[in-house]
Amino acid sequence: MSTATVVGSGPNGLACAVALAQAGVEVTVLEAAETIGGGARSAELTVPGVLHDVCSAFHPGAVTSPFFRSLDLEAHGLEWCWPEVDLAHPLDDGGAATMVRSLEETVAGLGADGPAWRRLFGPTVANFDAINEAIMRPLLHPPKHPILVARFGLPALAPATLLTRRWKTPGARALFGGVAAHTFSPLTRPFSASAGLALIAAGHAGGWPAAAGGSQSIAAALAAVLREHGGRIETGVRVNSLAELGAPDVIAFDLTPRAVADIVGDRLPARVARAYRRFKHGPGAFKVDLAVEGGVPWTAEACRRAGTVHAIGSFEELVAAERDINRGRMPARPFVLVGQQYLADPQRSAGDVHPIWAYAHVPSGYDGDGETAVIDQIERFAPGLRERIVATSTRSPAEFAAYNPNYIGGDIVTGANTPFQFFFRPRLALDPYSTGVPGLYICSAATPPGGGVHGMCGYNAARSVIARSLS
């Protein structure tokens, strides 16, 4: 094995390329867009000088990623910035539940439910590196620390609605539920607690930082590492068939399974083609970027210091909203995620005009008025917001899919988190990165461990490539 082509320059494609280049492979990355990064891009979407993240915003998975940490990305220009409060979840009574990097400060802020929070997250945070290394790999492998992983994994198998019974206060229940809802799945579904456990543990271990200068800085740092190892990147190159790629020893696709099936065509084994075309995508996102003078006037003071705010209200309201979007119905009050990255990274603002990043969970392909729904939900907890808005920019599910074809129907996590796909993504196979065709691999977020800016899908795929080349 001496040459490889990676199709797609999202964090996973770049991670795969870097890992192969480190192994001495001559790597070329092909990107259809004019800029690299996939979900890790940034741009002035509203007014000049105000910088918005196009998709990904805060990065608990990136700052704790085993592969990213091994690369010393900080030496290649990446700088992490932490907000004073990592996450706030406002409630209709004017208060808010908060999570900060310190486990003990979070416990103290949760009052009567603090001890239960510590009992659940304390052991995982204390052993985070070992557990994270295990859960960032395909689930069908023997872990190095089975007892630690089992202690984490058993609660992760539960529906979020079951796990939240250990907390009695509305704030603690909503705080956990909002993080669990990052899976875009019904919170009554088995395994829906998993994202809440993993992301909160990562938050206590490494925080929820933003990248200085925008999420594009993550892609730029990965590209710098790749070039340092002799890799090349070509932008503006859309791949439609294998014939366009020549004859490298290895091709890795940072694409959806459906796109891989289209490109590989008849060379793909029939059983793999069927699985790839049956791969399920989840609900969509409707994004609204705001330029806001003076920032968002949150009623809860903690929200004014929080990098991320989950605007939805009670846990029960959240459960209903996530149920509706998975049934194809737009809720009257959707789950809205709000990013205030400028609090950690002031260079993104222009004077007193600040970028506000927000998106709502919506049904797949939703084509209604998401902008009003998003702003209404924020204004519910921040009266007077509308008077401060200087400019807006929106991106519907269809526009997300046009911007990045991996986001089918606006599915920005590249795959529904169903019970089957929780264990077997993109198909039932001992090696989920192999396509069944020698030399062809898939390395996108459709593979384990799934969505997020952590690069581990790409790194794991590269390990599979290297292992097969040595066998």
Of all helices (runs of 4 or more DSSP H) completely enclosed by the range 113-163, which ones contain at least 3 residues that are open to solvent by 30 Å² or more (accessible area, probe 1.4 Å)? 114-126, 128-135, 146-156
Among the residues of the range 392-406, how many are surrounded by fewer than 20 Cβ atoms within 10 Å (Cβ to Cβ) and under 19 Å from Gly455 (Cα atoms)? 1
Based on what the data block shows, is Phe152 at pLDDT 90 or above, aromatic (Phe, Trp, Tyr) and within 24 Å of the chain's Cα centre (by Cα)? no
Check whether at least one residue in the range 377-390 is open to solvent by 20 Å² or more (accessible area, probe 1.4 Å), in contact (Cβ under 8 Å) with a residue 24 or more places away in the chain and part of a helix (DSSP H, G or I), and report yes or no. yes
Considering only residues of the range 77-92 that are under 21 Å from the mean Cα position of the chain (by Cα) and assigned to a loop (DSSP other than H, G, I, E, B), which is surrounded by the most Cβ atoms within 10 Å (Cβ to Cβ)? Pro83
Give me the pairs, please: first residue somewhere in the range 16-30 and over 11 Å from Ala462 (Cα atoms) and assigned to a helix (DSSP H, G or I), second residue anywhere and modelled with pLDDT of 95 or more and basic (Lys, Arg), beta-carbon distance under 8 Å, and either six or more positions apart or on two chains. none
Inside the range 231-257, the number of residues satisfying the requirement of being open to solvent by less than 30 Å² (accessible area, probe 1.4 Å), farther than 13 Å from Val29 by Cα and outside any loop (DSSP other than H, G, I, E, B) is 2
Please state which of the following conditions Ala181 fails to meet, knowing it meets all the rest: (1) part of a helix (DSSP H, G or I); (2) open to solvent by 50 Å² or more (accessible area, probe 1.4 Å); (3) over 30 Å from Gly77 (Cα atoms); (4) hydrophobic (A, V, I, L, M, F, W, C). (2)
Looking at (1) touching a Cys at 6+ places or on another chain (Cβ under 9 Å); (2) under 29 Å from Ser444 (Cα atoms), find the lone condition where Thr308 falls short. (1)
Looking at (1) closer than 16 Å to Gly207 by Cβ; (2) open to solvent by 60 Å² or more (accessible area, probe 1.4 Å); (3) under 20 Å from the mean Cα position of the chain (by Cα), which is the only condition Glu105 fails? (3)
Return the residues of the range 293-310 that are within 18 Å of Ile200 (Cβ to Cβ) and of a type in the set (A, V, I, L, M); say none if nothing qualifies. Ala302, Ala306, Val309
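Could you say which residue among Phe191, Phe152, Phe121, Phe128 is of a type in the set (Phe, Trp, Tyr) and in contact with a Ser or Thr (Cβ under 6 Å, 6 or more places away or on another chain)?
Details: Phe191 fails: in contact with a Ser or Thr (Cβ under 6 Å, 6 or more places away or on another chain); Phe121 fails: in contact with a Ser or Thr (Cβ under 6 Å, 6 or more places away or on another chain); Phe128 fails: in contact with a Ser or Thr (Cβ under 6 Å, 6 or more places away or on another chain).
On inspection, the qualifying residue turns out to be Phe152.
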First in the range 232-253 and among the small types (Gly, Ala, Ser), second anywhere and open to solvent by 70 Å² or more (accessible area, probe 1.4 Å) and in a loop (DSSP other than H, G, I, E, B), Cβ under 8 Å, 6 or more apart: Gly236/Glu34
Scan the range 442-468 residue by residue and report those that are under 18 Å from Val63 (Cα atoms) and in a helix (DSSP H, G or I). Met456, Cys457, Gly458, Tyr459, Asn460
For Glu34: the one exception among (1) farther than 14 Å from Ile233 by Cα; (2) open to solvent by 40 Å² or more (accessible area, probe 1.4 Å): (1)
First in the range 407-423 and open to solvent by 40 Å² or more (accessible area, probe 1.4 Å), second anywhere and of a type in the set (Val, Ile, Thr) and part of a helix (DSSP H, G or I), Cβ under 7 Å, 6 or more apart: Asn417/Thr183
How many residues does the range 361-375 hold that are among the acidic types (Asp, Glu) and either surrounded by 24 or more Cβ atoms within 10 Å (Cβ to Cβ) or in contact (Cβ under 8 Å) with a residue 24 or more places away in the chain (or both)? 2
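Please enumerate the residues belonging to the range 408-436 that are in a loop (DSSP other than H, G, I, E, B), aliphatic (A, V, I, L, M) and under 16 Å from the mean Cα position of the chain (by Cα).
Answer for the range 408-436, where residues must be in a loop (DSSP other than H, G, I, E, B), aliphatic (A, V, I, L, M) and under 16 Å from the mean Cα position of the chain (by Cα): Ile412, Val413, Ala416.
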Looking at the range 46-76 only, could you name the residues that are more than 19 Å from Ala19 (Cβ to Cβ), within 16 Å of the chain's Cα centre (by Cα) and in a loop (DSSP other than H, G, I, E, B)? Val54, Cys55, Ser56, Ala57, Phe58, His59
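The values are calculated or read from the model by the stated rules, or taken from the named source; none is laboratory data. None of these values were measured; they are calculated from a predicted model. Reconstructed Cβ throughout: ideal geometry from the backbone, glycine too, with neighbour counts over all protein chains shown. Surface areas here come from the heavy atoms of the whole protein model, side chains and all, with no ligands, DNA or RNA. Shrake-Rupley method; radii C 1.70, N 1.55, O 1.52, S 1.80 Å.
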